[in-house]
1. Test of understanding: what is the full-extension gain from residue 246 to residue 138, defined as 0.36 nm times their sequence separation minus their Cα-Cα distance?
2. DSSP loop (so not H, G, I, E, B), at most 12 other Cβ within 10 Å: list which GluC sites (Glu not before Pro) in region 21-67 pass both filters.
3. So what is Rg over Rh here for region 142-201, counting just Cα atoms and using Kirkwood for Rh?
4. Please list the three semi-axes, largest first and in whole Å, of the ellipsoid equivalent to region 39-247, using sqrt of 5 times the eigenvalues of its alpha carbon gyration tensor.
5. In debye, nearest 20: dipole of region 39-247 around its Cα centre with unit charges on the Cβ of K, R (+) and D, E (-)?
6. Distance check, please: which entries in 131/173; 45/72; 173/201; 36/85; 131/202 exceed 25 angstrom between their Cα atoms?
7. Calculated from DSSP H runs of 4 or more alone, at -39500 (n - 2.57) each and per residue, what is the 222 nm mean residue ellipticity of the chain, nearest 500?
8. Among residues other than residue 210 whose Cβ falls under 13 Å from its Cβ, what is the net charge (Lys/Arg +1, Asp/Glu -1)?
Amino acid sequence: MNTNTLTEKEPEPSKSEKLLSVDTVIAGYDESMILKGVSMEVPEKKAVALLGRNGVGKTTLLNTILGTVPTKSGTITFTGEEIQKMPADQRARMGIGYVPQGRDIFPGLTVWENLNVSLRVSGSRGIEAEKRLDSVYDLFPVLKDMLKRKGGVLSGGQQQQLAIGRALLLNPKILILDEPTEGIQPSIIDQIEDAIYAIRKKGEMSVILVEQYIDFARNACESFYILERGSVVQSGDISLLDDEMVEKYLTV
Ligand SMILES: Nc1ncnc2c1ncn2[C@@H]1O[C@H](COP(=O)(O)OP(=O)(O)OP(=O)(O)O)[C@@H](O)[C@H]1O
């Protein structure tokens with residue numbers, strides 16, 4: 001029998017599933033549409049760098065995904081559901097986690113109290129809460145040593161670690177980080193880079209990383225998108241992000 005004549009269709013090789021898709025999104029503020037038809041895909045458990053010079057629309061795109069800037073047209077699909085009309089709190093409950101630019105912590109609360117706010121919001125208790133806390137301490141051991149300190153007295157890098165830790169305790173499916181290295185000393189940048197690597201390695205969530213520091217993005221992410229004046233001008237595997245592109249679109 002000639003097996004080459006078999007016509008039965010082979011199953012498709014398994015591809016990375018999409019977790020988040022932004023499709024031809026136009027969005028902005030009042031009459032000024034900043035995003036001019038942006039499309040972007042974030043696969044399950046992968047990290048995507050969102051790059052571009054100041055003012056090109058990176059934060060606006062994040063806010064459109066989060067639901068704090070309305071989508072004028074286009075679709076945003078998360079875990080298979082269209083979310084572009086959903087309020088921000090509902091999107092957060094679906095698993096969109098966010099660490100904004102600057103540090104999102106309560107400066108007057110201790111490190112423990114800061115973490116505990118997230119635990120309470122997530123509703124996790126007992127052994128589950130302990131497990132989640134331990135995984136945050138594994139990523140950022142310094143937090144465990146500083147549980148009684150007020151958030152406001154930590155260094156910038158420690159506050160950033162606390163902000164990421166708080167976001168992780170909410171158990172997001174995607175973690176969106178807006179310039180986590182801004183104003184942070186190099187040794188802590190390495191720790192944050194290691195943490196993103198560890199988060200990815202654990203395979204628990206996807207990441208969108210907005211970053212000016214290109215080496216950090218290269219080390220932390222698998223793919224990239226470059227925005228310019230509200231449009232995606234380049235995208236692909238992170239290995240394709242070459243010096244020419246950096247010079248053309250990213251160098252200040
Ligand atoms: N709340 C707002 N109302 C009106 N315009 C805004 C608002 N926020 C940002 N913009 C404008 O939208 C454009 C894109 O800004 P956005 O913050 O998204 O850029 P970015 O790429 O994140 O830059 P940066 O790295 O400086 O944060 C800019 O021209 C900015 O002035």
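1. That works out to 35.5 nm of additional length.
2. Taking region 21-67 and a limit of 12 other Cβ atoms within 10 Å, the loop GluC sites (Glu not before Pro) found are 31.
3. 0.94
4. Details: eigenvalues 151, 84, 47 Å².
Computed over region 39-247, the values are 27, 20, 15 Å.
5. Working: 24 positive and 28 negative charges, 207 e Å.
For region 39-247, the charge dipole is close to 1000 debye.
6. From the list (131/173; 45/72; 173/201; 36/85; 131/202), the Cα-Cα distance tops 25 Å for 45/72.
7. It comes out at -10000 deg cm²/dmol, rounded to the nearest 500.
8. Around residue 210, the charge tally is -2.
None of the figures in this text is laboratory data; all of them are computed from the coordinates on show. Treat the numbers as computed from the prediction; the structure is a model and nothing was measured. Don't worry about glycine lacking a Cβ; one is built from the backbone with ideal geometry, like all the others, and counts go over all protein chains shown.
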